[in-house]
Amino acid sequence: MSFGIHRLWKRYAISLSGVRAGQHVLDIAGGTGDLAKVFSREVGRNGHVVLSDINAAMLEVGRERLINAGCNNVDFVLANAETLAPFDDNSFDLITISFGLRNVTDQDAALKSMYRVLKPGGRLLILEFSKPVFEPLSKAYDLYSFTALPLMGKLIVNDSESYQYLAESIRMHPDQQTLKQMMQQAGFENCDYHNLTAGIVAVHRGFKA
Ligand SMILES: C[S@@+](CC[C@H](N)C(=O)[O-])C[C@H]1O[C@@H](n2cnc3c(N)ncnc32)[C@H](O)[C@@H]1O
């Protein structure tokens, strides 16, 4: 549905991660593990990656995929982003959440939990749909999201409702500046964001002092 551009968005987010050999990385709402797979290679055998998701079936798909890819430094942990209950305070150098925060009910609680489990000096990256910054694009994007997307969903997988939800959840998600403020309220410092594809997507970055 993104015409494959999501791969470029993810690659850009990874380029902002600053991930290094030996580090501990947590990918929240990681789904089938696109990011975790790359981080597994980058942190090497002295590093460690946790692929985490609230959905056991999704996590199982991720587990199978990463094990088949030879990623032997990855753990798979069922966790709600709102609490991150299985994880100790100050345990990760890098936390990522890619196209996941939008689905979390209490986003402030999730950001506070991310702050809790991040090590001092650690970095949070949030890749998520955001608010287009170019008005003509914004109109075309709305048309695509609320008309074409549900229609394609109906024609391809006979499910227009999920794609209607997708469009609505994108519309409801906090814009760039609001999310930055939410990160600051959760305790993150030096927060910034990078718009991708004119703000259709943004990568937010914050640090724990
Ligand atoms: C669109 S997928 C994104 C998957 C992956 N991060 C990616 O970028 O391809 C959203 C994921 O968020 C997970 N999710 C939704 N609510 C969550 C929550 N409260 N805590 C953790 N994961 C959640 C879903 O199970 C799903 O796997």
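The values are calculated or read from the model by the stated rules, or taken from the named source; none is laboratory data. Note that this is a predicted model, so its numbers are computed, not measured. Neighbour counts are summed over all protein chains in view; Cβ atoms, including those assigned to glycine, are modelled from backbone coordinates with ideal geometry.
Scanning the stretch 171-201 for residues that are more than 21 Å from Ala109 (Cβ to Cβ) and buried (at least 21 other Cβ atoms within 10 Å of the Cβ) returns Ile200, Val201. In a residue-by-residue description of the stretch 60-70, the property of being under 19 Å from Glu42 (Cβ atoms), in a helix (DSSP H, G or I) and near the ligand (Cβ under 9 Å from one of its atoms) applies to at least one position.
Return yes when Ile14 is more than 8 Å from the ligand (Cβ to nearest atom) and touching a helix residue (DSSP H, G or I) at 6+ places or on another chain (Cβ under 7 Å) and no when it is not.
Details: more than 8 Å from the ligand (Cβ to nearest atom): yes; touching a helix residue (DSSP H, G or I) at 6+ places or on another chain (Cβ under 7 Å): yes.
Yes.
The set of residues in the stretch 108-141 that are free of Cβ contacts under 8 Å to residues at least 40 places away in the same chain and either loosely packed, with under 14 Cβ neighbours inside 10 Å or in contact with a Pro (Cβ under 6 Å, 6 or more places away or on another chain) (or both) comprises Glu135, Pro136, Ser138, Lys139, Ala140. Go through the residues of the stretch 124-133 one by one and say whether even a single one is out of contact with any strand residue (DSSP E or B) (no Cβ under 8 Å at 6 or more places or on another chain), hydrophobic (A, V, I, L, M, F, W, C) and modelled with pLDDT under 90. Scanning the stretch 124-133 turns up no residue that is out of contact with any strand residue (DSSP E or B) (no Cβ under 8 Å at 6 or more places or on another chain), hydrophobic (A, V, I, L, M, F, W, C) and modelled with pLDDT under 90.
Test of understanding: among Arg123, Arg116, which residue is in contact with an Asp or Glu (Cβ under 8 Å, 6 or more places away or on another chain), more than 12 Å from the ligand (Cβ to nearest atom) and assigned to a strand (DSSP E or B)? Outline the logic, then answer.
Working: Arg116 fails: assigned to a strand (DSSP E or B).
Only one candidate passes the filter, namely Arg123.
Okay, residues lined up against (1) surrounded by 13 or more Cβ atoms within 10 Å (Cβ to Cβ); (2) within 30 Å of Pro150 (Cβ to Cβ):
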| site | (1), (2) |
| --- | --- |
| Leu8 | yes, yes |
| Ser15 | no, no |
| Ala21 | no, no |
| Val43 | yes, no |
| Val61 | yes, yes |
| Ser91 | yes, no |
| Leu101 | yes, yes |
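Per-residue answers, yes or no, for (1) in contact with a Ser or Thr (Cβ under 8 Å, 6 or more places away or on another chain); (2) in a loop (DSSP other than H, G, I, E, B); (3) buried (at least 16 other Cβ atoms within 10 Å of the Cβ):
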position	(1), (2), (3)
Phe3	no, yes, no
Arg11	no, no, no
Gly30	yes, yes, yes
Leu35	yes, no, yes
Ser40	no, no, yes
Asn46	no, yes, no
Val50	no, no, yes
Met58	yes, no, yes
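Here Thr105 fulfils each of the conditions (1) near the ligand (Cβ under 8 Å from one of its atoms); (2) over 30 Å from Ala148 (Cα atoms); (3) out of contact with any helix residue (DSSP H, G or I) (no Cβ under 6 Å at 6 or more places or on another chain) apart from (2).
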